[in-house]
Structure formats: structure tokens, C-alpha cells
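**Q** Before I ask anything, here is the structure I am working with.
The values are calculated or read from the model by the stated rules, or taken from the named source; none is laboratory data. None of the values given here were measured: they were computed from a predicted structure. Glycine gets a Cβ as well: all are built from the backbone with ideal geometry, and neighbour counts include every protein chain shown. Side chains are part of the model used for accessible areas, which takes the heavy atoms of the whole protein and leaves out ligands, DNA and RNA. Shrake-Rupley method; radii C 1.70, N 1.55, O 1.52, S 1.80 Å.
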Amino acid sequence: DVKVTQSSRYLVKRTGEKVFLECVQDMDHENMFWYRQDPGLGLRLIYFSYDVKMKEKGDIPEGYSVSREKKERFSLILESASTNQTSMYLCASTRPGLEGGVQYFGAGTRLSVL
Amino acid sequence: QKEVEQNSGPLSVPEGAIASLNCTYSDRGSQSFFWYRQYSGKSPELIMFIYSNGDKEDGRFTAQLNKASQYVSLLIRDSQPSDSATYLCAVDYYKLSFGAGTTVTVRA
């Protein structure tokens, strides 16, 4: 079974803190993604990576950065957390090509910024 | 940003009935279409994908695609209480655009 593991299920941070969300996948997938999910808005893509050290902005990259130093690990960084970044964050991975829509998700990290 | 619209719901159906979920998309060039199911408090999981016009059946689920009308649907036959979840429509093949989801409740 594909496993995508997110480092934390719940996080509480203060405004202005630097926040790291970690994601690891064990299926040697080339593509990895970070989404946030908010009620009524569905899943919105923040960033994705199609190879080590490669990244591409998604639809809502402002206030976020990412790092992919190893193929299996994709990190999301909130440089200075703000209350409007309180959300559920989901990591996903997939192979490239037509199967790319078959995404495997981690369990999610619910982040609260106070 | 590609737009994906789903019927807003929530949708309540009796056990054993057919649940019909609809999705329209804005990018006429989209090639691949996916339905994900998300139980409350859980992450999304893939139910089906469809690439070609027409119907695709998998057990009690049928996906229907009409590219000319930019429309994709999901039918759940013989609905069960375990089908109660939010269903997400997603479009394209590697950089997915998701709809906001339709919440389905199957009442016993």
C-alpha cells in the first residue's frame, strides 16, 4: 500500500511563527503536492514538485514556500504564520502522466494559528 | 485557475436509492476526470477516473463524461449508509483542480 505520512495531525502556532509541515511518501513517486482545504472551498493547490529541488506554484502560494531535498520528502513552510492560514493541510503524491490524477493523500495536518 | 463546479448539496437519499452527483468544468482542453470520496475527518481517496466520453462502471459506481458539454457525473446505485461522505470532482491529469464537493447522506 502507498503510504503518505504527514508529521503532525494537529498543530497550534502563534502568529508570526515559522511553521514547518513535513510529508514523506514511500512509493518513489515523482510528484508531490501541498493543498489546503477549507469549508466550502474544496482543495486548493499551494505548491507542487515534480522532481527533487523542483517546485511550481499552485493557485494560492502567497505566504508559503516549499522544499524538496529528497525524492520522498516534501516540506511546506509558513514563513510567518497568520491567522488566515488556519486550515487543514493535505499532502499528496502521484506518478507523472495520465496516472497523475490518481493522488494518494496523507492524513492531513490541522493547523490553528492563534 | 481552472474552475470546477459541483452541485452544492447536501444531498440526502434513502438507502437503496440512486445518488446522482454532477460536475462541470471550465477548461475545454481538460483530458482526465476523477471522483474522490472523503469521509468526515479523513483524507480524500480515489473512487474512479474517466478519460473518454461515455460511461464507466465500477461496482455500484458509474462515472459519465460528456466533453462537449464539459460535464462529468457520478451515479451511486443501491446507496448504502457507508456511502455517506463528501464527493470531490477533480479535473486534469497532474495538477488537479478540485470542486468544492457535494456531501451525500444516505438515510436508513
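**Q** Of everything in region B:91-103, what is of a type outside the set (Gly, Ala, Ser), modelled with pLDDT of 90 or more and in contact with a Gly (Cβ under 7 Å, 6 or more places away or on another chain)? Give them in sequence order.
**A** Listed by number, the residues that qualify are B:Phe98, B:Thr102, B:Thr103.
**Q** What is the residue count in region A:1-19 for residues that are surrounded by 13 or more Cβ atoms within 10 Å (Cβ to Cβ) and in a strand (DSSP E or B)?
**A** Residues flagged as surrounded by 13 or more Cβ atoms within 10 Å (Cβ to Cβ) and in a strand (DSSP E or B) within region A:1-19 amount to 6.
**Q** Further question on the same structure: Could you list, in sequence order, all residues of region B:6-47 that are away from chain A (no Cβ under 13 Å) and in contact with a Phe, Trp or Tyr (Cβ under 6 Å, 6 or more places away or on another chain)?
**A** Within region B:6-47, B:Leu21, B:Thr24 qualify.
**Q** Only one of (1) in contact (Cβ under 8 Å) with a residue 12 or more places away in the chain; (2) open to solvent by 10 Å² or more (accessible area, probe 1.4 Å) fails for A:Leu41. Which number is that?
**A** It is condition (1) that A:Leu41 fails.
**Q** How many residues, within region A:56-80, are within 14 Å of another protein chain (Cβ to nearest Cβ) and either more than 18 Å from A:Lys18 (Cβ to Cβ) or hydroxyl-bearing (Ser, Thr, Tyr) (or both)?
**A** 5
**Q** Being open to solvent by 70 Å² or more (accessible area, probe 1.4 Å) and either at pLDDT below 95 or closer than 20 Å to B:Ser43 by Cα (or both) is the filter here, so list the residues in region A:58-78 that pass it.
**A** A:Glu72, A:Arg73
**Q** A further question on this structure: Picking from B:Tyr51, B:Tyr87, which residue would you name as being within 14 Å of another protein chain (Cβ to nearest Cβ) and open to solvent by less than 10 Å² (accessible area, probe 1.4 Å)?
**A** B:Tyr87
**Q** Return a yes/no flag: does region A:45-63 have any residue that is touching a residue at least 60 places away in the same chain (Cβ under 8 Å) and more than 27 Å from B:Ser32 (Cα to Cα).
**A** No; the residues of region A:45-63 include none that is touching a residue at least 60 places away in the same chain (Cβ under 8 Å) and more than 27 Å from B:Ser32 (Cα to Cα).
**Q** If you don't mind, another one. Do we have any residue at all in region A:84-92 that's open to solvent by 80 Å² or more (accessible area, probe 1.4 Å) and more than 21 Å from B:Ala100 (Cβ to Cβ)?
**A** No, there is no match, as no residue in region A:84-92 is open to solvent by 80 Å² or more (accessible area, probe 1.4 Å) and more than 21 Å from B:Ala100 (Cβ to Cβ).
**Q** Right, here's the next one. From B:Glu5, B:Glu57, B:Glu15, grab the single residue that is among the acidic types (Asp, Glu) and under 19 Å from B:Ala100 (Cα atoms).
**A** When all the criteria are applied, what remains is B:Glu5.
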